[in-house]
Every structure is written in C-alpha cells, then in structure tokens.
Amino acid sequence: MYNLIVLASRPSDWSHEQFVEWWRGEHAEVTYPLPGLLRWQHTELLESIDEKSAGWDGLSILSFESREALDVALASPEWQAAVRHVGAMRGRRMIWFGDERTMVPLTETAA
C-alpha cells in the first residue's frame with residue numbers, strides 16, 4: 001500500500017471542532033471521489049506529548065495500491081477539485097508520500 005499523509009492545522013479564526021467537522025464533512029465529500037482511493041483514515045489530534053508537537057488538529061492517511069495509483073489520483077480532476085477546496089480553508093499543512101508496512105497487524109480483539 002502506498003500512502004499520502006497529511007498533517008494539518010486550522011485557520012486562526014476557526015475552532016478545532018469547526019476544522020475537524022469541515023475536514024470530516026465538507027472536505028471529505030470532495031475527497032471521496034479520488035480515483036484509486038482504497039482507504040482513508042483520519043485522526044483528530046487531541047493531545048500532544050511536547051510543545052514541538054502542539055498546534056496540529058488532524059492527520060489523514062489516504063491509501064492507494066501503489067505509487068503509480070497515487071500518481072493517477074494526483075493527476076486527476078478530482079485531486080484538483082480537492083486542492084481548490086483546501087485553498088479556501090487557509091490552514092497550514094504538511095504532506096508526505098510513502099510505502100506502508102504493517103508492523104503489528106490489527107487483531108480481532110483490537111477491532
């Protein structure tokens with residue numbers, strides 16, 4: 001699996017709750033149609049371990065079958081629509097790509 005990972009924070013005039021609601025609602029509706037999207041996990045960041053980690057509101061992991069599948073998504077009109085939608089939000093973000101390896105699989109008791 002190949003992932004696009006997004007760490008983001010809200011605009012200064014939005015509350016944390018407003019930003020998470022926007023990300024999981026209005027922005028999700030624009031993101032769902034990405035071609036090749038296999039899975040999307042979103043974590044609402046509620047606490048940080050230290051001051052260097054503070055100031056972020058959420059983390060998304062969008063998963064694709066391969067780097068090639070991600071490249072198709074990034075070249076799509078659906079990606080351009082998602083980028084335009086984020087542009088209206090005005091928050092900060094950092095984005096990475098990477099190859100996923102499961103180090104501890106999800107067990108039935110953890111599910």
### Query
Taking square-rooted eigenvalues a ≥ b ≥ c of the alpha carbon gyration tensor, is the chain rounded, prolate or oblate, where a/c under 1.5 means rounded and, failing that, a/b exceeding b/c means prolate?
oblate
## Note on the structure
Probe 1.4 Å, all chains present, heavy atoms only: Asp71 accessible area in Å², nearest 10, is 70
#### Entry: region 2-98: trypsin sites (Lys or Arg not before Pro) in DSSP coil with no more than 15 other Cβ atoms inside 10 Å
Arg90
### Query
Using 0.36 nm per residue, how much length does the chain from Met94 to Thr107 gain when fully extended, once their Cα-Cα distance is taken away?
1.6 nm
### Message
Just to confirm the filter: which GluC sites (Glu not before Pro) across region 1-103 are DSSP coil and have at most 10 other Cβ within 10 angstrom of their Cβ?
### Response
Glu47
## Note on the structure
Taking the chain and counting helices only, DSSP H stretches of n ≥ 4 at -39,500 (n - 2.57) each over all residues, the nearest-500 ellipticity at 222 nm comes to -8500 deg cm²/dmol
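The values are calculated or read from the model by the stated rules, or taken from the named source; none is laboratory data. Keep in mind that what you see is a predicted model, and the values were worked out from it rather than measured. Glycine also receives a Cβ, built like all others from the backbone with ideal geometry; neighbour counts cover every protein chain displayed. For accessibility, only protein heavy atoms count, side chains too; no ligands or nucleic acids. Shrake-Rupley method; radii C 1.70, N 1.55, O 1.52, S 1.80 Å.
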